[in-house]
Amino acid sequence: MKYFLNRIFSVWGILVVIFLVGIFLRFYQLSSIPVGLHGDEASIGYNAYSLLKTGRDVNNQLFPIVIDQWGDFRPAGYHYLTIPFVAIFSLNEFAVRFPSALFGSLTIIVMFLFLKTLVKRNDVALIGALVTAISPWHIVVSRATSEGVISFFLVLLGSYIIIPVFRQKNFLARRLVIGYTLFFISQLFYHSARFFVPSYVLLLTLFLVFRYRVERFLCFKILTFSTILLSVTVFLFYMSSGTVRVTTVSIFSNHGTQLILDEQIREDQFQPVVITKFFHNKVTSYTETFLQNYFEYFSGRYLFLSGGYPHRYVVPHSGMMYSVDILALFVGGMFMVYTILWKKNYLMALPLLWLFIGPAVGALTYEDIPNVQRSLFMLGGLIPTTACGYSVLVQKLRNNKIHRYFLGIIGIVLTYQIVLFMHNYFHHTFMHETIYRSVSARQLTTALDQLSERTKPIIMTADGDNVPIFYLFYWHIDPAYYHSLGFKSASNLKNLLNITFDTNPCPYNSHSTVLYDVLYVNRAFCEIPIESRIIQKIDRPDGSNDYVILEAIKK
């Protein structure tokens, strides 16, 4: 009994240490790293602030299900989740990023429980928790106001809850209902979940019905419950324009694929029409595009070398995983296939299901391929496979002296790569890709607030991501006042308090009549007129100049 208690406490003690490491890596300097606040983050924060104060989003919609964010109708789940943190910490970077960092940290615990239930081995579960805690991919998205992190957490939690359903002789309907409900809720947070979850639920349901031959009445209840949840999701998002973003970035909306098809048909102009249509048609063309995109997500460049897109998620000289993980992935994959085919443990196919469905959503789009956020569900397959691989390597190599040297080399290389990633992320990201994170927004809004005291007129460029949402966010503009302006979208805002937004990058130079006692904000590349005086330059962290605040000199 004493040995058993010591073993249990040692496992949970290790898990607590891993969890604390994960928390540290996700919350350390969260307000300032990643440097800059992207426009999407500012929009989420101000929408949460507006919902807190008025019950309406920035577009004056009462308790919306999706929120129009510059034409991207985003599920509103993250916005509502941010409300209590905005209420506690005020409207700032920390409050906006807190939910993502929190659920990213909690995912470590859920991954441990998921693997412990799936594999029934503490070592694999602990390694899986550690891999999650130090995963470059998961750390980056957890610190960047990621709705996908919440969806991933909910689907993983739901999967953990329903695994016993496949193992019990007595059907556990309550667990299945809870698990499927979590799947449904995940779709209220991110676009990708609305495509991943239906495929995942369909395959799980078919597996449950045909593999375990559940009685017909229970099969009917399972299928009915699944259909109702998915139908409600489709209805809600179609009724609230939630599919607009999907259709906008879909490969079927990309003229590039159609242009290639048209060129193939033109080159076949002397061939019989039947042959041309047989070889060159929309089915083959879009299938080829989909497959090209799909396999990009399994490329070594994406996973182990330079990462993916958008640029604001790029960590210099780092991939989404550590390169030494290649060996663990290979060994873990072989272990899973062996367990499925020879041990007849078909539940081990669950992580492989995540791995192969995960990239499908991103492959159906043409923008930013490979995409870090849209393929996030791949981690549900990559992390368990990697954990199994490292567990097998340790077991097979620890009993031989030469093998232990090899295992030690793997450990040293992995440790070096972990430290290198942390150095690149917490240091070099200040100098790289900062232009994609609106790094000048806070400095510019603060400077203008101090110089104008919100009364002196400002005429500024809206070029270079200097958009109104940052002034709503950093100046804590009263949502009721903003709604009274009558703009349907913050992107259409032309005047705010003492600010006039100008689409020209050089408003001082473009005005035929320059006004005195007015602050002008130009892009840094604009020519500085002789009759003007530079009040302040706004620089990026790498020292390059972004904006210049000017005023006219009175003659």
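When you go through (1) buried (at least 16 other Cβ atoms within 10 Å of the Cβ); (2) modelled with pLDDT of 90 or more; (3) under 27 Å from residue 436 (Cα atoms); (4) out of contact with any Pro (no Cβ under 7 Å at 6 or more places or on another chain) one by one for residue 491, which number turns out not to apply?
Among (1) buried (at least 16 other Cβ atoms within 10 Å of the Cβ); (2) modelled with pLDDT of 90 or more; (3) under 27 Å from residue 436 (Cα atoms); (4) out of contact with any Pro (no Cβ under 7 Å at 6 or more places or on another chain), residue 491 violates only (2).
Just to be sure before I move on: is residue 232 in a helix (DSSP H, G or I), β-branched (Val, Ile, Thr), within 24 Å of residue 371 (Cα to Cα) and at pLDDT below 90 in the structure I sent? Spell out how you get there, then give the answer.
Values: in a helix (DSSP H, G or I): yes; β-branched (Val, Ile, Thr): yes; within 24 Å of residue 371 (Cα to Cα): no; at pLDDT below 90: yes.
Here the answer is no, as residue 232 does not meet what is asked.
Where in the stretch 5-124 are there helices (runs of 4 or more DSSP H), lying wholly inside it, with at least 1 residues that are in contact (Cβ under 8 Å) with a residue 24 or more places away in the chain, surrounded by fewer than 24 Cβ atoms within 10 Å (Cβ to Cβ) and of a type in the set (Phe, Trp, Tyr)?
In the stretch 5-124, 77-89, 93-119 are the helices (runs of 4 or more DSSP H) which contain 1 or more residues that are in contact (Cβ under 8 Å) with a residue 24 or more places away in the chain, surrounded by fewer than 24 Cβ atoms within 10 Å (Cβ to Cβ) and of a type in the set (Phe, Trp, Tyr).
Residue-by-condition table, conditions (1) part of a helix (DSSP H, G or I); (2) among the aliphatic types (A, V, I, L, M); (3) under 30 Å from residue 511 (Cα atoms); (4) touching an Asp or Glu at 6+ places or on another chain (Cβ under 6 Å):
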position: 396; (1), (2), (3), (4): yes, no, no, no
position: 402; (1), (2), (3), (4): yes, yes, no, no
position: 450; (1), (2), (3), (4): yes, no, yes, no
position: 463; (1), (2), (3), (4): no, no, yes, no
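Inside the stretch 410-436, can you point out the residues that are modelled with pLDDT under 90 and either exposed (fewer than 11 other Cβ atoms within 10 Å of the Cβ) or of a type in the set (Asp, Glu) (or both)?
433 - this is the single residue of the stretch 410-436 that is modelled with pLDDT under 90 and either exposed (fewer than 11 other Cβ atoms within 10 Å of the Cβ) or of a type in the set (Asp, Glu) (or both).
Considering only the stretch 478-528, state which residues are among the small types (Gly, Ala, Ser), under 34 Å from the mean Cα position of the chain (by Cα), in a helix (DSSP H, G or I) and more than 20 Å from residue 455 (Cα to Cα).
If the condition is that a residue be among the small types (Gly, Ala, Ser), under 34 Å from the mean Cα position of the chain (by Cα), in a helix (DSSP H, G or I) and more than 20 Å from residue 455 (Cα to Cα), then 490, 491 are the ones that fit.
Which of the helices (runs of 4 or more DSSP H) found entirely inside the stretch 253-350 contain at least 2 residues meeting this: over 30 Å from residue 430 (Cβ atoms), small (Gly, Ala, Ser) and modelled with pLDDT of 95 or more?
Ranges flagged: 325-341.
The values are calculated or read from the model by the stated rules, or taken from the named source; none is laboratory data. These figures come from a predicted structure and were not determined experimentally. Please note: Cβ atoms are built from the backbone with ideal geometry, for glycine as well, and neighbour counts cover all protein chains shown.
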